[in-house]
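Working notes, structure below.
The values are calculated or read from the model by the stated rules, or taken from the named source; none is laboratory data. Everything numeric here is computed off the predicted structure, so don't read it as measured data. FYI the Cβ positions are ideal-geometry reconstructions off the backbone, even for glycines, and counts take in every protein chain you see. Areas reflect the complete protein model, heavy atoms only, side chains present, ligands, DNA and RNA absent. Shrake-Rupley method; radii C 1.70, N 1.55, O 1.52, S 1.80 Å.
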Amino acid sequence: MKDLNILIIGGGIGGMTAAIALRRDGHRVTVIEKDPEWAVYGVGIIQQGNVLRAMKELDLLDDYMDAAVGFDFVAIHAPDGTQVAKVPSPRLVENYPANVGIGRPALHEVLGNRTKQSGAEVRLGVTAEEIDDDNEGVTVRFSDGEEARYDIVIGADGVYSDTRKKIMPDAEKPEYTGQAVWRYNLPRPADLDALHVYNGPTGVGLVPISSELMYMYVTTPEPGNPWYDKKGMARLMQDKLANTAQPIREVAAAITDDDGVVYRPLEAMMLEGAWSKGRVVLLGDAVHATTPHLGQGAGMAIEDSIVLAQELTGADTPEQAFAAYRERRFERCKYIVESSLAICHGQLGKGPAVDNHTATAEMFKVTAEPI
């Protein structure tokens, strides 16, 4: 199909990469984002070789790498801090590193700039109030009172996707895992040369994201999904690290800014049935929300975007494109959701403990396969 008029609901990582891929193929694209500031929280993100490969596909790799820190292995530590494994990562793009750490604002800027440069229309502070699919096209009524018609609508609006609720009200819903993640930016030690993972009931990772900064992520059991007031969050995050390895406790002493703590309960979901209805299709966390234990949530959304664009451009009908897209993506995304959740459950005692060394090496092997 050529010259489609496409609406993307959601201006996050998946929505922006979808816009870039679809504009490259000559389609007309509008992106709506409910946040009028189009902002993102300020901590980091880990991305592996499959994302670098995707960035090369989107002609974004050099801009992306200018904003990132590359590394070629993951170091695994026992709860007492002893390094027990060094997992090499496959380089999927020649002359580039295997993995990167990157600040979310830096990634957002790279993708946002290219989205606008691509010619996509970006509308902020707007939501889709009504989606009327009549099989010939989709009429969308927006929160600002405007109305427009599209050939295709893509829901890239995250784990709590309103698009999913509108088109599939009975579909699976995100389920709380019993665990949460805490994130915080800190000065980067001179010897932090890769992602360093510390195992235990409280899981910790240290990730370089610039020459001066790293970010720490901490996974903790949070029975009952408690709510925490922002005031006192820094001290509370420090307290959560009281029984971790000595190097982690030393780093934790610098967690002092309540506003710098990003706390998120972890939820997971896999849409087992169709990923589309009529001319409306979903991608990213809207269909396969994963916990962060394998660092592949954003990677799966980026890959979704590329595959969906390829199938839309190559198919004769939206239905053919959507079926082929799901066929190519389902098993890979399900593997990530289930394998990541298994690590989470092992940490919580809800399932057998998972060896991080083995799980990480397997993930690298799977994600190295073509999409």
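Restricting the range 131-163 to residues that are without any contact (Cβ under 8 Å) to a residue 12 or more places away in the chain and either part of a strand (DSSP E or B) or touching a helix residue (DSSP H, G or I) at 6+ places or on another chain (Cβ under 9 Å) (or both), the residue that is least open to solvent (accessible area, probe 1.4 Å) is Thr139. The residue pairs whose first member lies in the range 219-230 and is assigned to a loop (DSSP other than H, G, I, E, B), whose second member is modelled with pLDDT of 95 or more and open to solvent by less than 60 Å² (accessible area, probe 1.4 Å), and whose beta carbons are closer than 6 Å, counting only pairs six or more residues apart or on different chains, are Glu222/Ala180; Asn225/Pro265; Lys230/Asp258. Cβ-Cβ contacts under 7 Å between residues 6 or more apart (or on different chains), taken from a first residue in the range 325-349 that is among the polar types (S, T, N, Q) and open to solvent by less than 50 Å² (accessible area, probe 1.4 Å) to a second residue that is modelled with pLDDT under 95 and not in a helix (DSSP H, G or I), are listed as Gln347/Pro201; Gln347/Gly203. Given the options Gly42, Gly81, Gly119, name the one that is touching a helix residue (DSSP H, G or I) at 6+ places or on another chain (Cβ under 6 Å) and closer than 30 Å to Gly278 by Cβ. It is Gly119. Under the condition of being touching a residue at least 24 places away in the same chain (Cβ under 8 Å) and in a loop (DSSP other than H, G, I, E, B), the residues counted in the range 184-193 number 3. On inspection, Asp63 fails the criterion of being surrounded by fewer than 18 Cβ atoms within 10 Å (Cβ to Cβ), touching a residue at least 24 places away in the same chain (Cβ under 8 Å), assigned to a loop (DSSP other than H, G, I, E, B) and among the acidic types (Asp, Glu). Kindly establish whether Val93 is part of a strand (DSSP E or B) and either open to solvent by 20 Å² or more (accessible area, probe 1.4 Å) or at pLDDT 95 or above (or both). So Val93 fails the test. Quick check on Ala234: is it crowded, with 16+ Cβ neighbours inside 10 Å, closer than 22 Å to Pro105 by Cβ and among the hydrophobic types (A, V, I, L, M, F, W, C)? Yes; evaluated as a whole, the condition is true for this residue. Put simply, of Val181, Val207 the only residue that is open to solvent by less than 30 Å² (accessible area, probe 1.4 Å), over 20 Å from Asp258 (Cβ atoms) and in a strand (DSSP E or B) is Val207. Residues of the range 213-228 include at least one that is open to solvent by less than 50 Å² (accessible area, probe 1.4 Å), over 30 Å from Glu129 (Cα atoms) and out of contact with any Gly (no Cβ under 9 Å at 6 or more places or on another chain). If you scan the range 39-60, which residues turn out to be outside any helix (DSSP H, G or I) and open to solvent by 30 Å² or more (accessible area, probe 1.4 Å)? Hits for the range 39-60 are Ala39, Val40, Tyr41, Gly42, Asp59. Only one of the listed residues (Gln83, Gln117) is more than 23 Å from Pro292 (Cβ to Cβ) and among the polar types (S, T, N, Q). That residue is Gln117. Residues being under 30 Å from Asp258 (Cβ atoms) and in a strand (DSSP E or B) are entirely absent from the range 12-29. Looking at Gly155, Gly125, just one residue is under 23 Å from Gly26 (Cβ atoms), at pLDDT 95 or above and small (Gly, Ala, Ser), and that residue is Gly155. Quick one: Lys166 ticks every box in (1) within 25 Å of Gly260 (Cα to Cα); (2) open to solvent by 20 Å² or more (accessible area, probe 1.4 Å); (3) not acidic (Asp, Glu) except a single one, so which number is it? Evaluating Lys166 over (1) within 25 Å of Gly260 (Cα to Cα); (2) open to solvent by 20 Å² or more (accessible area, probe 1.4 Å); (3) not acidic (Asp, Glu) leaves (1) as the failure.
Can you name the residue in the range 184-193 that is of a type in the set (A, V, I, L, M) and over 21 Å from Tyr228 (Cβ atoms) and is also surrounded by the most Cβ atoms within 10 Å (Cβ to Cβ) among such residues? Checking each candidate, the answer is Leu192. When Leu283 is tested against the conditions (1) within 25 Å of Pro221 (Cα to Cα); (2) surrounded by 22 or more Cβ atoms within 10 Å (Cβ to Cβ); (3) within 15 Å of the chain's Cα centre (by Cα), the lone failure is (1). Does Val197 satisfy the criteria of being crowded, with 18+ Cβ neighbours inside 10 Å and over 25 Å from the mean Cα position of the chain (by Cα)? Here the answer is no, as Val197 does not meet what is asked.
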